[in-house]
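*Asks:* After the structure tokens below, expect a handful of questions from me.
Quick note: the coordinates plus some simple rules give every number you see, no bench work behind them. Worth saying up front: this structure is predicted, and the values here are computed from it rather than measured. Using ideal geometry, Cβ is built from the backbone for each residue, glycine included, and neighbour counts are taken over all protein chains shown.
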Amino acid sequence: MFAKLTQILLLLFVTTISFSVEVGLKNPDKKPDTKVGVFEKLGDMIPLDLTFVNHDGKKVHLGSVIDKPTILNFVYYRCPGICSPLLTSLTESIDKIDNKPGKDYQILTISINHEEDTVLAQRKRDNYLSETKTFVSSDAWRWMVGDKKSIDTITKAAGFHFKKEGADFAHAGALILLSPKGKITRYLMGIEFLPFDLQMALLEASDGKVGPTIARIMKFCFSYDPEGRKYVFNLLKVIGVVTTLWMILFVLFLMFGSKKEEETDNKHTD
């Protein structure tokens with residue numbers, strides 16, 4: 001009985017293996033569908049050994065230019081969909097935040113379409129920057145193109161997954177904040193961004209650099225809400241600090257107040 005059961009199990013095992021091998025041989029190159037979206041990789045490093053071509057035709061080695069808080073975004077310049085509102089929102093935010101492009105931060109826009117060239121990148125840059133009142137130098141906002149390998153490498157490292165569909169690309173919208181050393185510190189999802197959220201994200205991306213006192217206070221009072229994808233006022237933290245300070249002042253008042261009363265009583269006694 002045991003031997004017969006063993007033969008049956010062995011036959012089922014061989015049949016299963018044979019079927020799996022046969023399916024694999026029939027579809028040797030079959031790959032799972034590419035997922036489209038942004039999958040956060042906070043704390044990971046962007047590959048700094050990659051080289052792209054800037055809107056002015058110059059080669060840009062990422063390791064030599066990422067030296068300050070950086071706003072990285074992936075678009076393609078002929079995009080008929082979400083790229084335009086994303087870039088418009090980003091352009092409008094430049095005029096509304098205190099941080100100065102080129103001095104306090106920089107922007108890297110990289111096309112995910114390896115067939116696009118620097119002529120198109122320059123034209124798009126001119127179009128968008130014509131709407132801003134803030135001067136943005138060539139090095140403050142780079143609009144870049146690259147080969148397919150470099151594009152695939154950096155988008156994979158950033159968790160940005162897209163898929164080519166005919167002449168267009170299916171992709172999500174996001175701003176990816178980098179520290180001066182190329183570490184991913186924050187994602188701002190969507191295609192519209194509040195200037196306050198962007199300014200707070202840039203503050204975080206400064207990666208421990210000492211900022212103005214008011215900036216440190218702002219960072220303390222506000223925290224990032226990953227579900228709402230925005231910064232919110234941390235009421236409990238502020239209440240806790242205020243309550244603690246009030247208690248300390250109250251204790252000090254009791255200590256020094258009672259001591260002063262004792263000194264006054266002693267003087268009257270004398």
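*Asks:* Spin-label point model (7 Å from Cα, Cβ direction): what's the K100 to L249 distance in nm?
*Replies:* Between K100 and L249, the simple spin-label model gives 3.7 nm.
*Asks:* What residues have an amide H closer than 5 Å to that of W141, excluding those fewer than 5 places away on the same chain, when H is modeled at 1.01 Å from N in the peptide plane?
*Replies:* I107
*Asks:* Would you kindly derive the ³J(HN,Hα) couplings of segment 180-195 from the backbone phi angles with the Karplus curve 6.51 cos²θ - 1.76 cosθ + 1.60 (θ = phi - 60°), listing them in order in whole Hz, with x for Gly and Pro?
*Replies:* So the J values, rounded to whole Hz, are x, 9, x, 7, 6, 10, 6, 10, 10, 7, x, 10, 10, 10, 6, x.
*Asks:* Then there's this: Over the Cα atoms of segment 62-105, how large are the radius of gyration and the largest Cα-Cα distance (Dmax), in Å?
*Replies:* So, for segment 62-105, Rg and Dmax equal 12.5, 33 Å respectively.
*Asks:* List the pairs from K59/K103; K59/K148; K58/K181; K96/K163; K149/K181; K35/K59 whose alpha-carbon separation is above 24 Å, in the order I gave them.
*Replies:* In this structure, K96/K163; K35/K59 exceed 24 Å between Cα atoms.
*Asks:* Can you give me the long-range amide H partners of G173? Hydrogens built in the peptide plane at 1.01 Å from N, cutoff under 5 Å, separation of 5 or more residues or another chain.
*Replies:* Amide H neighbours of G173, under 5 Å, 5+ apart: G190.
*Asks:* According to a simple spin-label model (label point 7 Å from Cα along Cα-to-Cβ), what is the distance in nm between N127 and D44?
*Replies:* Going from the D44 label point to the N127 one covers 3.1 nm.
*Asks:* Here's a follow-up. Could you tell me whether segment 37-208 comes out rounded, prolate or oblate from its Cα gyration tensor? Rule is a ≥ b ≥ c as square roots of the eigenvalues, rounded for a/c under 1.5, then prolate if a/b exceeds b/c, otherwise oblate. Please report the intermediate quantities before stating the final value.
*Replies:* Numbers: a/c = 1.27, a/b = 1.14, b/c = 1.12.
Cα axes put segment 37-208 in the rounded bin.
*Asks:* Would you report the distance distribution of C-alpha pairs in segment 90-164 as whole percents per 5 angstrom bin, up to the bin with the largest distance?
*Replies:* Answer for segment 90-164: a P(r) of 3, 14, 23, 20, 17, 15, 6, 1 percent.
*Asks:* Sort 114-121, 43-50 by the packing proxy (mean of other Cβ within 10 Å over each peptide's residues), most packed first.
*Replies:* Ranking, from highest mean packing down: 114-121, 43-50.
*Asks:* Please state the charge dipole magnitude for segment 37-208, taken about the Cα centre, from unit charges on C-beta atoms (+1 on K and R, -1 on D and E), reported in debye and rounded to the nearest 20.
*Replies:* Dipole about the Cα centre, nearest 20: 260 debye.
*Asks:* Could you work out how far apart the two model spin labels at F135 and K163 are, taking each label as a point 7 Å from the Cα in the direction of the beta carbon, and quote it in nm?
*Replies:* About 4.7 nm separates the two model spin labels.
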